[in-house]
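Read the structure below first, then the notes.
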Amino acid sequence: MELTENALKVLNARYLLRDERGNVKEQPEDMFRRVAHNIAEAERLYNEDAKYWEERFYERMTSLKFLPNSPALMNAGKSIGQLAACFVLPVEDSMKSIFDTLKNAALILQSGGGTGFSFSRLRPKADIVRSTGGIASGPVSFMKIYNTATEVIKQGGARRGANMGILRIDHPDILEFIRIKRREGELTNFNISVAVTDAFMEALKIDREYELKNPRSGEIVGSLRAKIVFDEIVESAWETGDPGLIFIDRINRANPTPHIGQIESTNPCGEQPLLPYEACVLGSMNLSKYVNSPSPPFTKGEITDSIDWNSLSEDINIAVRFLDDSIDVNIYPLPEIETMHKGNRKIGLGVMGWADVLILLGIPYNHKKALELARKVMKFIRNKSREASEELAEKRGVFPNFKGSIYDAPSMPKMRNATTTTIAPTGTLSTIADCSSGIEPLFAIAYKRLVLDTELYEINKYFIEAAQKWGFYSDEMMNEVLRKGNLRGIKEIPADVRRLFKTALEIPPEDHIEMQAAFQEYTDNAVSKTINLPNKAKQDDVAKAYLLAYEKGVKGITVFRYGARKGTLVKFTDSD
């Protein structure tokens, strides 16, 4: 196993075990062995050969073809034993529930998990509190308390605390929520999103008012013009990057277990919609390892023959088994979470290295062939992961909440897992695997970034290969690339290379959304994707992106205008 210098920095910073004095006491191979052994212990529950599966898991991780979410790498085999990355906790309309949830969130954050909350059930500001005769302070006031607590908790946690805060578009306090991050320093440990309904989008389309509802009483307490609220969302997102949107009705139409409850929130990066008290374990296939390319980069072969489908199929099968086993050996922070996770057995297998695949195949990120391949690859992963889940169900049984689920029909497969696919951002995982993150394009050809409090310098390895292979490498050219971060205007670089190595800010937002939609089409859960906008982008560009995202069928959208004030540290954490 060959790890880059940056991978070793990240592993040493947070993943490798330490002794009581804080000294690292394991090597990366030891970490992967620890994880493989711990997860494979679940095989004993089904009278399977644990040692055999330990070796399969170890091989896939050390080859960097598959990596599980960060908490599994950090905590497997330790007393904490918490392996899931994504959680959603309910926030009911009582002081007891609000602070019980905060306590529970502290346990999750300390273990390295990310937590999502919907504050939509809390009564609005100035509403009556009958038990005391006082008036309510509203959802945003309690979000501030959660934010302060997270600031304290994250200092001793496995990684920076990450939260998602969500409020429904029809909550009476929606404008306060939308504007909160315009004030510098507010909710720095939260990503926030508005849960947008189809009714709101219809009102926006025909430019009319929509109703606001008091969640305490269920009464209609007013209305707002949809266009005014949408413009406020756009202005805040243009200025700060928040709020994003989640299309809550679309998410619930895809809810595999509607008889168990309605989905209200997602994890911090939005790719994992979950029921209250539900968790999910994630993992990612490094697609760059499956390109048939004898002399990378830039093969010109047919797309249909460019991926090693047989190897990918075999490894998807192993990855699904790994994630399902993780549910059984996980040490849960709360009994309610254990009940929900084992009841639905949701897993989320996704991808990383997508931009690398396209570079290796000579396909520009925003070319129609890239979208065709995205659909082909994700459809394959979805189908194979479902087949693997079905095979496990034959041996181990369907997930306990199967009866009444969308799969409880003669034409549907008998599934071990209520969901099998999710596209996570893979921020630190992609650094360990030395590949591009998630389904994002290259952010820059060369740049400095902060991961887990560690400063990393990166220059794209494929660009260096291309420059050397095609004869335009020089120290002067490389220095200019390091200075600029992209290839624009560097004349000695051939035009087709510049097209191939386009960075995120050179790709129109419409093409970012098209890529997200292509992957979403074949993803059970949701897709983490940032729609990057240049600094000069107008508010109208943000508005168009939001409307296009709804039209294209994605489940949520996050935009970020380069250079905008981002009042959060969450961007430097990993939800994978």
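Under 5 Å between amide hydrogens, built in the peptide plane, is the criterion, and for S284 it picks out L67, G350 among residues at least 5 positions away or on other chains. For the pair I128 and E2, the difference between a 0.36 nm per residue extended length and the Cα-Cα distance amounts to 39.2 nm.
Sequentially through segment 26-35, phi angles give Karplus couplings (6.51, -1.76, 1.60; θ = phi - 60°) of 9, 8, x, 4, 5, 4, 5, 5, 4, 5 Hz, Gly and Pro residues having no value and appearing as x.
When each of C435, C269 is scored by the number of other beta-carbon atoms lying within 10 Å, the sequence from fewest to most is C435, C269.
Look at the dipole of the chain built from charges on Cβ: of V88, F32, H259, the Cα furthest out on the positive end belongs to V88.
DSSP beta bridges confined to the chain are antiparallel in about 45 percent of cases. Using the empirical formula 2.2 N^0.38 Å as the baseline, the Cα radius of gyration of the chain reaches a ratio of 0.94. Computed 3J(HN,Hα) for segment 131-137, one whole-Hz value per residue from the Karplus formula 6.51 cos²θ - 1.76 cosθ + 1.60 where θ = phi - 60°, is 5, 10, x, x, 10, 6, 9, glycine and proline marked x. Rounded to the nearest 20 debye, the dipole magnitude of segment 313-352 is 120 debye, with +1 charges on Lys and Arg beta carbons, -1 on Asp and Glu beta carbons, and the Cα centre as origin. The calculated FRET efficiency for E184 paired with K536, based on their beta-carbon distance and R0 = 30 Å, is about 0.85. If R0 equals 30 Å, the separation of the Cβ atoms of S217 and K144 corresponds to a calculated FRET efficiency of about 0.75. A simple spin-label model places pseudo-atoms 7 Å from Cα toward Cβ; at R18 and E510 they are separated by 5.0 nm.
Which is farthest toward the positive dipole end of segment 505-548 among P509, P534, L547, measuring Cα position about the Cα centre, with Cβ charges +1 (Lys, Arg) and -1 (Asp, Glu)? After comparing all options, I get P534. Between the amide H of S405 and any residue lying 5 or more places away or on another chain, no distance stays under 5 Å, with hydrogens modeled in the peptide plane.
Compute the signed sum of charges (Lys and Arg +1, Asp and Glu -1) over the other residues within less than 10 Å, Cβ to Cβ, of D356. That sum, taken over residues with Cβ under 10 Å, equals +1. Remark: the chain carries a charge dipole of roughly 740 debye about the Cα centre, counting +1 on each Lys and Arg Cβ and -1 on each Asp and Glu Cβ. Computed per residue of the chain from DSSP H runs no shorter than four, each worth -39500 (n - 2.57), the mean residue ellipticity at 222 nm is -12500 deg cm²/dmol. Take 353-365, 542-554 and order them by the average number of nearby Cβ atoms within 10 Å per residue, most first; the result is 353-365, 542-554.
Mean sequence separation of contacting Cα pairs (under 8 Å, at least six apart), scaled by the length of the chain, corresponds to a relative contact order of 18 percent. Backbone phi angles across segment 212-229, fed through the Karplus curve with coefficients 6.51, -1.76 and 1.60 (θ = phi - 60°), yield HN-Hα couplings of 9, 10, 6, x, 5, 9, x, 7, 6, 10, x, 8, 9, 6, 4, 4, 5, 5 Hz in residue order; Gly and Pro are listed as x. Residues whose amide H lies under 5 Å from that of C86, counting only those 5 or more places away or on a different chain, are G114, C280; hydrogens are built 1.01 Å from N in the peptide plane.
Length available on full extension from K379 to Q27: 0.36 nm per residue minus the Cα-Cα distance, which gives 123.1 nm.
Where a number appears in this text, it was derived from the coordinates with a stated rule and is not lab data. Quantities reported herein were computed from a predicted structural model and do not represent experimental measurements. Every residue, glycine among them, receives a Cβ derived from its backbone with ideal geometry; neighbour counts consider all protein chains shown.
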